[in-house]
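Presented below is the structure to which this report refers.
Here, each number is a calculation from the coordinates, and none is a lab measurement. Quantities reported herein were computed from a predicted structural model and do not represent experimental measurements. Here the Cβ positions follow ideal geometry from the backbone for every residue, glycine too, while neighbour counts run over all protein chains shown.
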Amino acid sequence: MGYDVHKLVEGRSLYLGGIKIDHALGLLGHSDADVLLHAVCDALLGAANMRDIGYHFPDTADETLDMDSKVILRKTVELIATKGYRVGNIDATVCAERPKINPHIPAMKACMAEIIGCDEDDISIKATTSERMGFVGREEGMAAYAVCLIEKG
Ligand SMILES: [Zn+2]
């Protein structure tokens, strides 16, 4: 399972699930701060018992500065493949008060399936608000959760 959170700020583009979404605020981070892809990568690395995204892609390294998280996902899939694993299926939830995530889910699934090399049907993305409570509800940030199954052979 994977969990990630990033702060929402002005002056940054919003990337979620590998796609750019028009919004007044974007997520702050060393990379492009794609909170959904980061949670998915952590879930995949965790399932393969290969530590976490911060270990493989440190947020202090020059190579990961402003890195496209699609590259992190591709490299994560390659990392788990070194132990003989491929992605079975993924279920993820994005927690965001705004913008509306649902209209973008088909594009996110298509983007992620292409990178992973799996069926779009093997990727589930859900979205929820935080009912105006907490940091998500106050639009100070977004969070994402992901669970995955990986298969050997
Ligand atoms: Zn992150």
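Some values worked out for this structure:
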{"item": "Overall dimensions of segment 62-118 as given by Cα atoms, namely Rg and Dmax in Å", "result": "13.5, 39"}
{"item": "Furthest towards positive pole of dipole, Asn102, Val136, Ala92, structure part segment 90-153, Cβ charges", "result": "Val136"}
{"item": "Kirkwood Rh and Cα Rg combined as Rg over Rh, evaluated for segment 32-93", "result": "0.94"}
{"item": "Calculated [θ] (222 nm, deg cm²/dmol) that DSSP helices of n ≥ 4 give over the chain, each run adding -39,500 (n - 2.57)", "result": "-8500 deg cm²/dmol"}
{"item": "Length-normalised contact order for the chain - Cα pairs under 8 Å, 6+ apart - percent", "result": "32 percent"}
{"item": "Within the chain: Cβ-based charge dipole about Cα centre, in debye rounded to nearest 20 (Lys, Arg +1; Asp, Glu -1)", "result": "200 debye"}
{"item": "Compactness of the chain - radius of gyration and Dmax, Cα, Å", "result": "14.5, 45"}
{"item": "Integer Hz, Karplus 6.51/-1.76/1.60 couplings in order for segment 132-145, x for Gly and Pro", "result": "6, 9, x, 5, 5, x, 7, 6, 8, x, 10, 10, 8, 10"}
{"item": "Radius 13 Å from Cβ of Asn89, net charge of other residues (Lys, Arg +1; Asp, Glu -1)", "result": "-4"}
{"item": "For segment 1-65, size of Cβ-based charge dipole, Lys and Arg +1, Asp and Glu -1, in debye", "result": "120 debye"}
{"item": "Distant-in-sequence amide H partners of Leu16 (H built 1.01 Å from N, under 5 Å)", "result": "Ile21"}
{"item": "Relative contact order for segment 73-153, counting Cα pairs under 8 Å that sit 6 or more residues apart, in percent", "result": "46 percent"}
{"item": "Karplus (6.51, -1.76, 1.60) ³J(HN,Hα), θ = phi - 60°, over segment 119-125, in Hz, Gly and Pro reported as x", "result": "6, 4, 5, 8, 10, 10, 10"}
